[in-house]
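Below you'll find the structure, written out as structure tokens, and then a few comments.
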Ligand code: FAD
Ligand code: PYC
């Protein structure tokens, strides 16, 4: 759907009367060629690429709430590809490349702003680790550079650079192509594009059980009735282990709350996304002027979408210590999402021991940046019933085989 400037103006004047709906509200059919459970970014992107790249259009996305209402609409929208292990780099670099063209692909402005990510080293030891990290990232063919203390001071004037600072800055590293985008737009863009290719997006439809016989998926039970299908993908983030258990699968996943918050809007004061791994605190500024603030997970399993006050306090204490000039800034909103974390903090994507059942989980605190490549590769895997080469290393079987991809340390925050 394309809107001219004039039609936008008319819409603004008339309260958008007469605007068509961005996607249909179909009823659940009796049978689909594939069903994706979870209408977050991963589920929607998978449906879009199944329809677009693999010619499958008899597909449904079943969402228990509303599209994008899970972690996809609750994250801080950071995209980057500076991972440590080659398997991760290949995958996340593909995702970043897809993000770079996503607005055009979906004809939806995702407001990608590649203003660069800076990581702060707060000790000599951390600076040494960063040096090795930057080398590894460069060897993987991804842009990354070491920054001196002086370069950081110049790029982030808000930082407390005094010698007596609680978190002294020794230097850091940067990925210039990293950035943030508009998470709702990513969900809505994929949703609208998938719908236009014939995909049924069914909201307020919870999957409650599975019909599995002879080790094969035959269908699903939902709050809107039964549906037959022989291909099902679970893309339900924080509820992965609960739902997979209903199919008889035990996943090595822990669910925890990750919270974030935004301040009142202020004039532009921060040009980059800045992460301080040693205190689990990160900060960026949105185009609206709000400072987007986040940190580590609440350190206990939980299915709460709020987060603890202790977690909020810890992050805000770190913000004030690192950026004392923000101490009088008012907080506008705080929220949480339920993240699904694997023991090696890497995703679990691909086939399962049950024929026709596929997984997209373990995205933890970092799966927003993965959405386009996660959808593209899972769609391939479902259509061909063999893992796409980019996700082959991230299969569930790696835990039995001891092939962990331990990105826990390299991810920088929250793991
Ligand atoms: P979701 O978007 O959570 O979608 C899953 C959907 O499944 C939900 O809508 C849910 O309602 C639905 N569902 C669950 N159970 C059922 C069922 N039984 N039947 C039907 N539907 C069901 N990642 C980054 O890369 N960068 C960041 O800056 C970043 N910041 C984050 C900040 C916060 C506060 C949080 C919480 C997460 C952050 N993440 C970030 C992680 C990222 O948000 C997730 O990894 C990603 O959104 C996962 O997408 P998804 O589509 O798998 O899950
Ligand atoms: O994965 O880069 C990330 C991230 C930043 C904040 C939360 N996750």
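Only the coordinates and a few stated rules stand behind these numbers; no lab work does. All of these numbers come straight from a predicted model, not from anything done at the bench. Quick reminder, even Gly has a Cβ in these numbers, built from the backbone with ideal geometry, and neighbours come from all protein chains shown.
Taken together, the residues in segment 72-121 that are on the phi > 0 side of the Ramachandran plot and in contact with a strand residue (DSSP E or B) (Cβ under 9 Å, 6 or more places away or on another chain) amount to 3. Scanning segment 29-50 for residues that are away from ligand 1 (no atom under 14 Å from the Cβ) and closer than 19 Å to residue 244 by Cβ gives a single hit, 34. How many residues are crowded, with 18+ Cβ neighbours inside 10 Å and over 9 Å from residue 362 (Cα atoms) if we restrict to segment 233-246? Number of matching residues: 8. Considering segment 31-71 alone, what residues qualify as being touching a strand residue (DSSP E or B) at 6+ places or on another chain (Cβ under 6 Å) and within 16 Å of ligand 2 (Cβ to nearest atom)? 42, 71 - these are the residues of segment 31-71 that are touching a strand residue (DSSP E or B) at 6+ places or on another chain (Cβ under 6 Å) and within 16 Å of ligand 2 (Cβ to nearest atom). Scan segment 279-309 for residues that are exposed (fewer than 14 other Cβ atoms within 10 Å of the Cβ) and in contact with a helix residue (DSSP H, G or I) (Cβ under 9 Å, 6 or more places away or on another chain) and the total you get is 2. Residues considered: 269, 276. Of these, the only one that is surrounded by 23 or more Cβ atoms within 10 Å (Cβ to Cβ) and over 18 Å from the mean Cα position of the chain (by Cα) is 276. Those residues that are more than 25 Å from residue 331 (Cβ to Cβ) and within 10 Å of ligand 1 (Cβ to nearest atom), I need them from segment 238-268; list them, please. The answer is 239, 240, 242, 243, 246. Residues considered: 215, 141. Of these, the only one that is in contact with a strand residue (DSSP E or B) (Cβ under 7 Å, 6 or more places away or on another chain), more than 16 Å from ligand 2 (Cβ to nearest atom) and on the phi > 0 side of the Ramachandran plot is 215. Please tell me if residue 387 is over 23 Å from residue 261 (Cα atoms) and crowded, with 24+ Cβ neighbours inside 10 Å. Spelling it out, it is not the case that residue 387 is over 23 Å from residue 261 (Cα atoms) and crowded, with 24+ Cβ neighbours inside 10 Å.
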